[in-house]
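As structure tokens, the structure follows; a few thoughts come after it.
Values in this text are rule-based calculations from the coordinates and carry no lab data. Just so it is clear, the structure is predicted and the values come from calculations on it, not from any experiment. Here Cβ is always computed from backbone atoms with ideal geometry, including for glycine, and neighbour counts include all displayed protein chains.
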Amino acid sequence: MGLKPSASRLPLLFGLLFCAAPAFSADLMQVYRDALANDQQYAAARATADALREKLPQGVSGLLPTISATANTVWNENRYNLNDIQRTNKNYNTNGYNVSLTQPLFRWQNYVQYGQGKLQVVQAEANFAQAAQDLIVRVAQAYFDVLYALENLNAVRANKGAISQQLEQAKKNFEVGTATITDSHEAQARFDLANAQEIAAVNDLDVKRYTLRVIVGKDSGELNQLKPQAELKPPQPASMERWVDAAEQDSFLVQAQQAASEVAAKEVERMRAGHYPTLDAVANYGRNNSALSFAGNDSLETTAQNVGLQLNIPIFQGGYVNSKTREAVANRVAAEAALESAKRNAALNTQQSFLGVVNGLAQVKALDAALISSTSALESNKLGYEVGVRINIDVLNAEQQVYVTKRDLARARFDTLLSQLKLKAAVGSLGEADLEQINPLFEAR
């Protein structure tokens, strides 16, 4: 007869079943797509771009005809005295309607505004493209910050565990008389410090997880972690000058400011057009019904239709046009200065990111070698402590050096990856494909 699991064993069986199942963890691409759908900063940028795209049809409207219609109806009650004897009442309705069409033939400010609308759309598209790049960088930054905080916590806990073992060993050695009380006190002090570091590391991890959650809109759970032997590539091309030249031309921030500068220049032209005459083609059609006379009951119906040209010549507007023109000139100068500042900032950001990649790769290589050396030093100190040529504090220092090196190596690798993304963002070439390229560097653990 087969044995059936008792009710008391079912929770244990289910627990073993779930423990045997592989743990699910989110990769970088999944986190990015969640942020793409839920990040409110990106949603606001998208709505702003949609609003600014309407500047083009608004500019076109100034070149197209306008049609308007009016209608009226009035009830009239009139009483008249004739020769102080006869009274006459006259009640009647008057009504009518009018349709008018105006086609601008020459309104220079409208043509300029149409050109501004096209430039404002270009500016909107550049700003939105920059917002898309910013989202990628913010997601990667928050993702890497969580992984580094987790790496730091693991290092702190591992260090604490090693210190705990050293503390127990120091206490035993003191009890048997092979070590002094100083070793125990030093190990206890290190253990208490490790406790404080663990509390701070846990708090930092919680903050970094919440920061990522703000961008993604939900808890991402466990994250894929960087592979220990992940290969980080140098920037291509390897010339920083070529990256800087590309940034000064192709950076979305520079493109947006370039469009803003051109809009400001056209605004000067539009304000000056306030002195120019305007010419419109106009057409009207209308009908009116009214009483023919006070005494009779006949009505009068009139129909009017006309087509013509209307010329308007501004002569004096109280200095308003001149003032608006001076204001536009000042705004144009400010926009030109902002454009030059955008180019300089693009060059600076590119240089910083390029050096961040190059120096980061060198730092990763150095820390890899340092980790090997510090691990070997730890093993030597442990062996020396066992044979009595090293004291407990030497082992503790060696262990701490190993964990600090691991933590610094993790930070250097994350910073290098982030600098690679920022470098591409600086020249306006960062996209989803770049995240897909580095996503295989991470794996579930």
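List of remarks:
- Calculated FRET efficiency, T182 to D250, Cβ-Cβ distance, R0 = 60 Å: about 0.40 to the nearest 0.05.
- Exceeding the 26 Å Cα-Cα cut-off - candidates K208/K343; K118/K422; K118/K324: K208/K343; K118/K422
- Extension gain, A43 to V99: 0.36 nm times the residue separation minus the Cα-Cα distance gives 15.8 nm.
- By average C-beta atoms within 10 angstrom, highest first, the peptides 27-39, 370-382: 27-39, 370-382
- Averaged over residues, the count of other Cβ atoms within 10 Å places the peptides 313-324, 235-246, 134-145, 153-164 in the sequence 134-145, 153-164, 235-246, 313-324, highest first.
- 222 nm mean residue ellipticity, helices alone, for the chain (DSSP H n ≥ 4; -39,500 (n - 2.57); rounded to 500): -23000 deg cm²/dmol
- Shape of the stretch 213-292, Cα gyration tensor, a/c cut at 1.5: oblate
- When peptides 107-120, 63-76 are sorted by average Cβ neighbour count within 10 Å, with the highest value leading, the order is 107-120, 63-76.
- Whether the stretch 341-424 is rounded, prolate or oblate, judged on the alpha carbon gyration tensor where a/c under 1.5 counts as rounded: prolate
- Cα gyration tensor shape of the stretch 187-321, rounded if a/c is under 1.5, else prolate or oblate by comparing a/b with b/c: prolate
- Cα centroid separation - the stretch 312-350 against the stretch 170-241, whole Å: 53 Å
- Seen from every direction in turn and averaged, the convex hull around the alpha carbons of the stretch 160-253 projects onto 12.1 nm².
- Estimated FRET transfer efficiency (H275, N306; beta-carbon r; R0 45 Å; 0.05): 0.95
- Helix 40-53 axis, angle to the chain major axis (alpha carbon atoms, nearest 10°): 30 degrees
- Sequence-distant lysines (8 or more away, or on other chains) whose Cα lies within less than 21 Å of K382: K160, K171, K172, K406
- GNM top mover of L223, L311, L339 - the chain, alpha-carbon springs below 10 Å: L311
- Options [x] 63, 54, 51; [y] 77, 74, 45; [z] 143, 72, 46 - which one matches Cα extents along the principal axes in Å as calculated here: [z]
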